[in-house]
Amino acid sequence: MTEDANAIFAKNISFLPNLQTLSKDETENIYLLEETKSGHKTYKLDTIYIHSKYDPIKEAKRSVQLLLENKEDVDVYILFGCGLGYVMKELYSQILNTPKQIKPYIIWIESDLKSFVTAMHCSDMSDILSDSNVKIFIGTKKDVIGSFLQTVPTKRIRYYYHRPLYSFGETYFKEIQNYIGYILDRKDMNSATLVRFQKTWARNIIFNTPYYPFAGKIESLRNIAEGCNAVVIAGGPTLEQMIPYIKKERENLILVAVDTAYTYLCSHEIIPEIVVSVDPQYWNYKYLENEELKNSILITDPSAYFKIFRNVAPERIFTGNSIFELTGYFTENENRGTLAAGGSVATTAFDIARLIGAQNIILAGLDLGFPGRNTHFKGAFFENNFIATSEYFNDANQKSFNYLMHTGDLLLTKSSDGKTVITDQKMVLFRKWIEREIGLTNACVLLPNLGGSFIEGCKITELSNLACTNKNGSRQKYELKINNLIKKNSETAVSYDITKRVNTFVKMLNAIINESEKILKIIPKDGSISKNKINEFDERQRNIMGEYEKNRVLNIVSSSAQNILLSIKENVSYSDDSEKSVWLKTRKLYEAINEMAIFYEKNFQKILKVMPRLPRIKPDVL
């Protein structure tokens, strides 16, 4: 190894802190390089050349030419293997020369450390490695790569596969690519959900504000039923077959039921210890309409449909940390504990079973598919609604069929009884979340072989063999602890003046409405703003952001404008003129801030009027 090669390596590695701890053996262990006919370098793995024996540069240019088709539309380039970095250098060079101000990200993923170390000895890549838009992952765990992709625009991704290196590291690269696909699916679903429900969530949080002081913390339930047998009860068709088992083993089970299944369980004289309801929509509230849950606790979210909070005694409600800044304003950002979210109320129920310390978790009605082409158990709200609203040309069967087809492309997947079952893409995403979490779960997860989707990591069990073995009285211990906790919640409700807090928030909202309207008058609708108007804009923006309390409320309001924030994050352009595009984005942001501030103010005025008459609220905390 030459002194020049060592100097090049040292310079390159200075920009890669994670690789500066490599041992001397690792930094000096490189592949034997050969000179090509064009005078460049290549090397072999076994008998396969990693780059062309003739002209690696020409080969790289052809690859990059394909990668850069419609390059203005790409947010991220992901390189699976890059050898000595010819493609990376060519790609970077062409992207750097683009007139666009916003550059895409380039992610270099390598499975073989020796290949990367060899590349770092061959040429000075310090300009590339020091660029914040370039990320290098060498044998990195999929979670780390996934976490990075969560933070950058990913609307359009393009992949490059270095064929020789990909074939040598195929298992690793396939695992990474599958996980990237999972992350992108979940990211798209979360983004679409945020845009669709932003006002629904905000309205619910506002109307639930008076109940925050009473609600217990999710964290207080940790290990409250340690060593128990927990049954996670979802609303799938096979729940009917589980009822006899639940009745038989009732004294040895802690039941964690989703809202969908609550009234069905009650009809069989089964009262679950824990009910989970986190959906913000009105139709989800119908599952628990007029149900007081006198013998259960309710796990919910501040953004859940507001009437749920009116039904249940406040001290029986438990909430965790919220992703919404509005909630933190009224709870002083206290740590209430966190629940893993997988897009479905059933995944939240599964996490609750883990949180309370279950030794065995039995999945009931968690079918994640449509066994027998049924969507829910018989007598479910949806089925009854289909029957009640059926007509001659659109009967209950037709409605059920329409529901199935509305879910999207139907798929066949392996079932728990060794056959196949119909499912859809949404159910597959939920299943992937469950499967991932099972791998991180100490409890034994049991899945009866009743024909729902097969879930990797579960122990598939005959229903007749599902008898509880650890009859340790954990249910009785749980009841004693939870009753003490409910009593504590009732006695120690935070007694600060909610009305005063809301009035302060409304005052800040009115100031934001006033300032945002002035800013909108400054920025023309076509984005062509004059220099003197820019100074006026800066002054108005200082007014709206200068005061601590006003700026805090502004952050809350702007965080609700998800459609605009997402367009900014995904680098959406509103004009060919980059300066105009920036001002048009700014105008759209303040339009959204103004709209949401008016929305917040209107709904907080409503809750101020009804606060003194709300059920189950003590006057001294108002």
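Output the number of residues of segment 554-583 satisfying the condition of being at pLDDT below 70 and closer than 26 Å to Lys602 by Cα.
Adding up the residues that qualify gives 5.
Within segment 19-37, can you find the residues that are of a type outside the set (Val, Ile, Thr), surrounded by 13 or more Cβ atoms within 10 Å (Cβ to Cβ) and part of a loop (DSSP other than H, G, I, E, B)?
Hits for segment 19-37 are Leu22, Asn29, Tyr31.
Which of (1) more than 24 Å from Thr27 (Cα to Cα); (2) open to solvent by less than 60 Å² (accessible area, probe 1.4 Å) does Gln65 not meet, given it meets every other one?
Going through the list (1) more than 24 Å from Thr27 (Cα to Cα); (2) open to solvent by less than 60 Å² (accessible area, probe 1.4 Å), Gln65 breaks only (2).
Do you know which of the residues in segment 68-89 that are open to solvent by 30 Å² or more (accessible area, probe 1.4 Å) and either among the polar types (S, T, N, Q) or in contact with a helix residue (DSSP H, G or I) (Cβ under 8 Å, 6 or more places away or on another chain) (or both) is modelled with the lowest pLDDT? Break it down into steps so the answer makes sense when it comes.
To start, the set of residues in segment 68-89 that are open to solvent by 30 Å² or more (accessible area, probe 1.4 Å) comprises 69-73, 89.
Applying the additional criterion that residues be either among the polar types (S, T, N, Q) or in contact with a helix residue (DSSP H, G or I) (Cβ under 8 Å, 6 or more places away or on another chain) (or both) yields 70-71, 89.
Numbers: Asn70: 69, Lys71: 57, Lys89: 93.
Among those residues, the one meeting the criterion is Lys71.
When both residues are 6+ apart or on different chains and their Cβ atoms are under 6 Å apart, which pairs have a first residue that lies in segment 247-265 and is among the polar types (S, T, N, Q), and a second that is at pLDDT below 95?
Every condition considered, the pairs that remain are Asn252/Asn229; Asn252/Cys468; Asn252/Lys471; Thr260/Gly235; Thr260/Tyr287.
Return yes when Leu326 is closer than 27 Å to Ile556 by Cβ, over 15 Å from the mean Cα position of the chain (by Cα) and in contact (Cβ under 8 Å) with a residue 24 or more places away in the chain and no when it is not.
Working: closer than 27 Å to Ile556 by Cβ: yes; over 15 Å from the mean Cα position of the chain (by Cα): yes; in contact (Cβ under 8 Å) with a residue 24 or more places away in the chain: yes.
So Leu326 passes the test.
Return the residues of segment 415-434 that are exposed (fewer than 15 other Cβ atoms within 10 Å of the Cβ) and either modelled with pLDDT of 85 or more or under 23 Å from Tyr282 (Cα atoms) (or both); say none if nothing qualifies.
Here is the first cut: in segment 415-434, the ones exposed (fewer than 15 other Cβ atoms within 10 Å of the Cβ) are 418-419, 425.
Scanning segment 415-434 gives Gly418, Lys419.
Show the residue pairs that are 6+ apart or on different chains and have beta-carbon atoms under 7 Å apart, the first residue being within segment 410-436 and of a type in the set (Asp, Glu), the second being crowded, with 17+ Cβ neighbours inside 10 Å and modelled with pLDDT of 90 or more.
Note: pairs meeting the criteria are Asp417/Asn449; Asp417/Leu450; Asp417/Gly451; Glu435/Ile455.
Consider only pairs whose beta carbons are under 8 Å apart and that are at least six residues apart or on different chains; among these, list those whose first residue lies in segment 522-540 and is more than 16 Å from Lys585 (Cα to Cα) and whose second residue is assigned to a helix (DSSP H, G or I).
Lys533/Ile522; Glu536/Ile522; Arg540/Glu515; Arg540/Lys518; Arg540/Ile519; Arg540/Ile522
For Leu16, are the conditions met, namely being open to solvent by less than 50 Å² (accessible area, probe 1.4 Å) and within 23 Å of Val117 (Cβ to Cβ)?
yes
What strands (runs of 3 or more DSSP E) lie completely within segment 93-165 and have 2 or more residues being in contact with a Phe, Trp or Tyr (Cβ under 8 Å, 6 or more places away or on another chain) and among the aromatic types (Phe, Trp, Tyr)?
105-110, 157-161
Right, Thr171: open to solvent by 70 Å² or more (accessible area, probe 1.4 Å) and assigned to a helix (DSSP H, G or I) or not?
yes
Which ones in segment 41-62 are touching a residue at least 40 places away in the same chain (Cβ under 8 Å) and either open to solvent by 60 Å² or more (accessible area, probe 1.4 Å) or part of a loop (DSSP other than H, G, I, E, B) (or both)?
Across segment 41-62, the qualifying residues are Lys41, Ile48, Tyr49, Ile50.
Among the residues of segment 140-157, write down those that are open to solvent by 10 Å² or more (accessible area, probe 1.4 Å) and at pLDDT 85 or above.
Thr140, Lys141, Lys142, Val144, Phe148, Ile157
Go through the residues of segment 447-463 one by one and say whether even a single one is in contact with a strand residue (DSSP E or B) (Cβ under 8 Å, 6 or more places away or on another chain) and open to solvent by 80 Å² or more (accessible area, probe 1.4 Å).
yes
Here's the yes/no breakdown for (1) at pLDDT below 90; (2) open to solvent by 70 Å² or more (accessible area, probe 1.4 Å):
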position	(1), (2)
Lys487	yes, yes
Glu491	yes, yes
Tyr496	yes, no
Arg501	yes, no
Lys507	no, yes
Ala511	no, no
Ser516	no, no
Ser530	yes, no
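The values are calculated or read from the model by the stated rules, or taken from the named source; none is laboratory data. A quick note: this is a predicted structure, and the numbers were derived from the prediction, not measured. Positions of Cβ are backbone-derived with ideal geometry, glycine not excepted, and every protein chain shown enters the neighbour counts. All accessible areas refer to the heavy atoms of the entire protein, side chains included, with ligands and DNA or RNA removed. Shrake-Rupley method; radii C 1.70, N 1.55, O 1.52, S 1.80 Å.
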